[in-house]
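Engineer: One structure, pasted below without further comment.
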Amino acid sequence: MNQGKSKVIVQKYGGTSVGTVERIKHVAHRIATYKEKAEGIVVVVSAMGKETDRLLALSRETNASPDPREQDMLLASGEQVSSALLAMALAERGIKARSYLSFQLPIITNNRHTAALIKEINVERLLRSFQQGEVAVVAGFQGITAEGEITTLGRGGSDTTAVALAAALNADFCEIYTDVDGVYTCDPQVYKKARKLSKISYESMMELAGLGAKVLHNRCVELARKYNVKILVRSSFNYEEGTWVCGEDEEMEGELISGVTFSRGETKISVMGVPDKPGIASRIFIPLADMGINVDMIIQNIGRQNAADVTFTVPDDDLDRALQAVKKVAEEVGAEGVHYDQNIAKVSIVGGGMRSNPGVASRMFQALAAAGINIMMISTSEIKISCVIDARYTELAVRVLHDAFGLHKS
Ligand code: ADP
Ligand code: ASP
Ligand code: MG
């Protein structure tokens, strides 16, 4: 397995896994069992438990729309605490360890605060730690710009820190320790019939993560595919096998659907009664693109008297800015008005087998219809179909689709 790759172990422990001092000690115990097996060990940690949520709530209490630079400054503190505590817990067991913040390596990112992308990593200090027999504990989620500003990689971004380090160290794989023992056919907290997958392709995992399955940060899967780093998702609470995220093989090709997922983080905006003439769509969407707002689904209905209704979804976090921009354009082009609906959810099915099997979409729509769930919007790609529905029915929709595609059976 390590042919041509270094024998460096990269492990990442998520928030629940380092949620208390007891759990941090337990993680130190697990790391101790790997100590003799590698040329070097890097452990990436998330903030303890719900610390990032707590910090976000503090920032909202202080300022309704804080400067993203200050937000990053605040959020990055969570991982500073957990990395130092883990280094201390390792030392307590007699294992040499040193914690590192991003700027100390550094992990250089672009300057998109709260959603920064990693551009470059310097691993020299990690290699020095290995030479000195130290476990290197790295604070996940954070980066630093070339100008010296602290950034964060987006919620769940410690996974990405870990995979990026694994790639930079030329490790064969990256272990992600979390509170579930692998990637399931749907969130096991939503449906107990969810089945653990022994492996899943980068492509399917990227879609699942991008469409809401928070078990992995979607950027980390993208990086893993690009740099050919396999990911092993495992539980830090048991020694079960886990799930491999890797290149597609014949067995995976045979699977019609790999999983069902959902996301509640988007809002539907409708611009009503837009004059139906060339150039209007660009008038609406160019300002949103210029503001860096990611528009997901779009539909346009041609209605009465040469007027159209344009409906699209944006991330909840961007709603205020999007509404401001859209209302301005609506007024300029003489549209009838702007409505929005936050009580929506997107449910999606993902699977490589969709490429060669017609009829998947109709099976999905039938299953939702049979459960009395109305579909508001639809979008498809080669290996996924997403439907926007009333948020009240999210979990029901996940269960119904899981049953319709028989995902409990391997
Ligand atoms: P961590 O803090 O370790 O990064 P997360 O909370 O980010 O953990 O991710 C793990 C959670 O992802 C699980 O508790 C589970 O509820 C959720 N999850 C969502 N979809 C899936 C899926 N398809 N398979 C496994 N877990 C999933
Ligand atoms: N602590 C950050 C978050 O909660 C990053 C992570 O856990 O991966 O989003
Ligand atoms: Mg996570």
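The values are calculated or read from the model by the stated rules, or taken from the named source; none is laboratory data. Values in this document were obtained by computation on a predicted structure and should not be read as measured data. Cβ: placed from backbone, ideal geometry, glycine included. Neighbour counts: every protein chain shown. Note: areas computed on protein heavy atoms with side chains; ligands, DNA, RNA excluded. Shrake-Rupley method; radii C 1.70, N 1.55, O 1.52, S 1.80 Å.
Engineer: Out of Gly303, Gly273, Gly292, Gly279, I need the residue that is surrounded by 13 or more Cβ atoms within 10 Å (Cβ to Cβ) and at positive phi. Which one?
Structural biologist: Going through Gly303, Gly273, Gly292, Gly279 in turn, just one is surrounded by 13 or more Cβ atoms within 10 Å (Cβ to Cβ) and at positive phi: Gly273.
Engineer: State whether one or more residues within the stretch 173-188 are more than 15 Å from ligand 3 (Cβ to nearest atom), under 18 Å from the mean Cα position of the chain (by Cα) and open to solvent by less than 10 Å² (accessible area, probe 1.4 Å).
Structural biologist: Yes, that holds for at least one residue.
Engineer: Look through the stretch 13-61, keep the residues that are open to solvent by 50 Å² or more (accessible area, probe 1.4 Å), touching a strand residue (DSSP E or B) at 6+ places or on another chain (Cβ under 9 Å) and not in a loop (DSSP other than H, G, I, E, B), and return whichever of them is nearest to ligand 3 (Cβ to nearest atom).
Structural biologist: So the residue we want is Thr16.
Engineer: Further question: What is the residue count in the stretch 98-121 for residues that are within 19 Å of Asn170 (Cα to Cα), part of a loop (DSSP other than H, G, I, E, B) and open to solvent by 60 Å² or more (accessible area, probe 1.4 Å)?
Structural biologist: Selection size over the stretch 98-121: 0.
Engineer: Looking at the stretch 42-53, can you tell me whether even one residue there is more than 14 Å from ligand 1 (Cβ to nearest atom) and under 25 Å from Thr145 (Cα atoms)?
Structural biologist: Yes, some residue in the stretch 42-53 is more than 14 Å from ligand 1 (Cβ to nearest atom) and under 25 Å from Thr145 (Cα atoms).
Engineer: While we're here: Residue under question is Arg219, and the condition is that it be basic (Lys, Arg), within 16 Å of ligand 3 (Cβ to nearest atom) and out of contact with any Pro (no Cβ under 8 Å at 6 or more places or on another chain); does it hold?
Structural biologist: yes
Engineer: What tally of residues in the stretch 122-143 results from selecting those that are buried (at least 21 other Cβ atoms within 10 Å of the Cβ) and more than 11 Å from ligand 3 (Cβ to nearest atom)?
Structural biologist: Qualifying residue count, the stretch 122-143: 9.
Engineer: Identify, from the list Lys226, Lys199, Lys192, the residue that is out of contact with any strand residue (DSSP E or B) (no Cβ under 9 Å at 6 or more places or on another chain), under 20 Å from Lys409 (Cβ atoms), surrounded by fewer than 23 Cβ atoms within 10 Å (Cβ to Cβ) and not aliphatic (A, V, I, L, M).
Structural biologist: Going through Lys226, Lys199, Lys192 in turn, the sole match is Lys192.
Engineer: Is there a residue being under 30 Å from Asp290 (Cα atoms), crowded, with 19+ Cβ neighbours inside 10 Å and in contact (Cβ under 8 Å) with a residue 40 or more places away in the chain anywhere in the stretch 395-406?
Structural biologist: no
Engineer: Please work out which one of (1) open to solvent by 40 Å² or more (accessible area, probe 1.4 Å); (2) within 16 Å of ligand 3 (Cβ to nearest atom) is the condition Glu79 fails and give its number.
Structural biologist: Of (1) open to solvent by 40 Å² or more (accessible area, probe 1.4 Å); (2) within 16 Å of ligand 3 (Cβ to nearest atom), only one is false for Glu79: (1).
Engineer: Oh, and also: How do the pairs read when you match residues in the stretch 373-384 that are in contact (Cβ under 8 Å) with a residue 12 or more places away in the chain with residues anywhere that are part of a loop (DSSP other than H, G, I, E, B), using Cβ under 7 Å and keeping only pairs 6 or more apart or on different chains?
Structural biologist: Met377/Met297; Ser379/Met297; Ile383/Gly351; Lys384/Leu211
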